[in-house]
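Structure record follows, encoded as structure tokens.
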Amino acid sequence: ACEKISRERDRFYQRLQKIPYLRVIKSQANYFLIEIVDKYKATELTQKLLWEDEIFIKDLTGKIGFEGKEYIRIAVRDYNDNEFLIEKYVKNRENMNMKKESFFSTVKKYSFALPPNYKFNREELHEK
């Protein structure tokens, strides 16, 4: 049983390493300490996974030694549970990319070029 858990932990670690906004700290325990390095705050990601996907991960915000840092802790479970979690992390990444593309597409659609000699006058704008 210990060998099976160890193999799954190593496999899960490799999968988590591929998610660009996570820095996974290698572990011999049945959980990983993970730093959120981009895209989310720890609390934001924890709430998003809980509310949208009913997945509970431990937010370490405010814990002694983690003040001002963005860390979470996730349990190593069985293959199916771990893959389900990976799928949700990847989905969140893809959704964010789709939202960015949509935003920039909308900006491009409705934006226009100002003449090169245009000067922005804040006071004049406030008067209108």
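Within the range 68-85, how many residues turn out to be of a type in the set (D, E, K, R) and open to solvent by less than 50 Å² (accessible area, probe 1.4 Å)? Let's see the steps before the verdict.
Residues of the range 68-85 that are of a type in the set (D, E, K, R), as a first pass: 69-70, 73, 77-78, 81, 83.
If we keep only those that are open to solvent by less than 50 Å² (accessible area, probe 1.4 Å) as well, we get 70, 83.
The number of residues fulfilling the criteria is 2.
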Being touching a Lys or Arg at 6+ places or on another chain (Cβ under 9 Å) and of a type in the set (A, V, I, L, M) is the filter here, so list the residues in the range 38-58 that pass it.
-> A42, L45, L49, I55, I57
Residue selected from the range 1-55 under the condition more than 22 Å from G68 (Cβ to Cβ) and of a type in the set (K, R), by the criterion least open to solvent (accessible area, probe 1.4 Å) = R9
Expected output for the range 38-52 (first residue farther than 15 Å from R73 by Cβ, partner open to solvent by 50 Å² or more (accessible area, probe 1.4 Å) and of a type in the set (A, V, I, L, M, F, W, C), Cβ below 7 Å, 6+ apart or cross-chain) is K39/M96
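Do we have any residue at all in the range 73-85 that's β-branched (V, I, T) and modelled with pLDDT under 90?
Checked against the condition, which is being β-branched (V, I, T) and modelled with pLDDT under 90, the range 73-85 yields no hits at all.
The values are calculated or read from the model by the stated rules, or taken from the named source; none is laboratory data. Quick caveat: nothing in here was measured; it's all calculated off a predicted structure. Cβ atoms come from the backbone with ideal geometry, glycine included; neighbour counts cover every protein chain shown. Accessible surface is based on the protein model in full, side chains and every heavy atom, while ligands, DNA and RNA are left aside. Shrake-Rupley method; radii C 1.70, N 1.55, O 1.52, S 1.80 Å.
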